[in-house]
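Visitor: Sharing a structure here in structure tokens format.
Readers should treat all values here as calculations from the given coordinates under stated rules, not as data from a laboratory. Not measured: the values here are computed from a predicted model. Note: ideal-geometry Cβ built from the backbone for every residue, glycine included; neighbour counts use all protein chains shown.
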Amino acid sequence: MQKLVSIPSNNSIIFEFKDHYIIDIELDYLLNEEVDSLFLEANGCIEDENFSDALSFYDLILKIDSKNISALIDKGTTLQILGRIKSAISCFDKALDISPDNIDALINKGSALHLTEKYLEAISCYDLALKIDKKCSMALAYKGLSLGELGHLSEAIHSFKKALSVDKYCTLAEISMETAQSLLNSKSRKL
């Protein structure tokens, strides 16, 4: 590596060479290759629905790189699948500590909060994601789900419609909107 060092007395520049530069590049390359390999292993476990083994691979990745956002989010999602919601939220929080504007971490945290019936907190996560990307169809669809759980069917339908205006193939929004509309219709018939 060349390091520029300015010398104030005559404004000349000296190049300092460091032999460890090549070693550092090689080590970074090997670590990235190892992390990529571990992700492939974890993905294989997920495809085979072997979630416990996938967690082991995410832990190995995080030993190499404790700030790997993808590993934190994937580990959180896997924990959520296993019903370990508090641990999942902890992973999403760690990811958000590193990258507060990470939409995937916000949506996944909201989803985990929704599962624990903390709908208002979930909506807060979706709203933060929507501040970052107003056209995030998944944040809109999930927000609609939480609004529906709170009994705010009209608002939920509005959220589902917005999601579908962004992504007309958003199945979650389409199915949920139909359900919310049916519930709203049956509610108005009873009145």
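Visitor: For region 148-191, what does the relative contact order come out to in percent, with C-alpha contacts under 8 Å and a separation of six or more? Write down the numbers at each step before the final one.
Guide: Numbers: 24 pairs, mean separation 18.1, N = 44.
Relative contact order, region 148-191: 41 percent.
Visitor: Further question: Check the straight Cα-Cα distances from LYS118 and name the aspartates and glutamates below 12 Å, setting aside those fewer than 8 residues away within the same chain.
Guide: LYS118 reaches GLU149.
Visitor: How much length is gained on full extension from LYS86 to ASN32, taking 0.36 nm per residue of separation minus their Cα-Cα distance? Spell out each step's value before the answer.
Guide: Values: separation 54, 0.36 × 54 = 19.44 nm, distance 2.96 nm.
Full extension from LYS86 to ASN32 adds 16.5 nm.
Visitor: Separate question: How high is the FRET efficiency from SER165 to LEU115, r the C-beta distance, R0 35 Å, rounded to 0.05? Spell out each step's value before the answer.
Guide: Working: r = 27 Å, r/R0 = 0.77.
Once rounded, the FRET efficiency stands at 0.85.
Visitor: Then there is this: Please work out whether region 104-159 counts as rounded, prolate or oblate from its C-alpha gyration tensor, where a ≥ b ≥ c are the square roots of the eigenvalues and a/c under 1.5 means rounded, while otherwise a/b larger than b/c means prolate and anything else oblate? Don't skip to the end; give the middle numbers.
Guide: Values: a/c = 2.15, a/b = 1.14, b/c = 1.89.
Taking the square roots of the gyration eigenvalues as a ≥ b ≥ c, region 104-159 is oblate.
Visitor: Strictly over 30 Å apart at the Cα level, which of LYS75/LYS135; LYS94/LYS187; LYS131/LYS190; LYS67/LYS134; LYS109/LYS190 would you flag in this model? Walk me through the numbers on the way to the answer.
Guide: On the way: LYS75/LYS135 26 Å; LYS94/LYS187 42 Å; LYS131/LYS190 38 Å; LYS67/LYS134 27 Å; LYS109/LYS190 36 Å.
Those over the limit are LYS94/LYS187; LYS131/LYS190; LYS109/LYS190.
Visitor: Neighbouring Cβ atoms within 10 Å as the yardstick, rank LYS190, LYS143, LYS75, LYS134 fewest first.
Guide: Numbers: LYS190 6, LYS143 30, LYS75 26, LYS134 11.
If I rank by nearby Cβ atoms, fewest first, I get LYS190, LYS134, LYS75, LYS143.
Visitor: Only loop residues by DSSP count here, and only those with at most 10 other Cβ atoms within 10 Å; note down the chymotrypsin sites (Phe, Trp or Tyr not before Pro) in region 106-175 that meet that. Numbers along the way, then the final one.
Guide: Working: sites: TYR119, TYR126, TYR142, PHE160, TYR169; in loops: TYR169.
Counting only loop positions with at most 10 other Cβ atoms within 10 Å, the chymotrypsin sites (Phe, Trp or Tyr not before Pro) in region 106-175 are TYR169.
Visitor: Further question: Could you work out how much longer the chain between GLN181 and ILE98 gets when fully extended? Use 0.36 nm per residue separation minus the Cα distance between them, nm to one decimal.
Guide: Values: separation 83, 0.36 × 83 = 29.88 nm, distance 3.93 nm.
In short, 25.9 nm is gained.
Visitor: What shape does region 57-152 take by its C-alpha gyration tensor, where a ≥ b ≥ c are the square roots of the eigenvalues and a/c under 1.5 counts as rounded, a/b above b/c as prolate, and the rest as oblate? Could the numbers behind the result be given before it?
Guide: Values: a/c = 2.68, a/b = 1.58, b/c = 1.69.
Oblate shape, in that a/c is at least 1.5 and b/c is the bigger or equal ratio.
Visitor: Can you sort HIS158, HIS114 so the residue with the fewest Cβ neighbours within 10 Å comes first?
Guide: Numbers: HIS158 17, HIS114 21.
In order of increasing Cβ crowding within 10 Å: HIS158, HIS114.
Visitor: Could you list ILE73, ILE81 so that the one with the fewest beta carbons within 10 Å of its beta carbon is first and the one with the most is last?
Guide: Result, fewest neighbours first: ILE81, ILE73.
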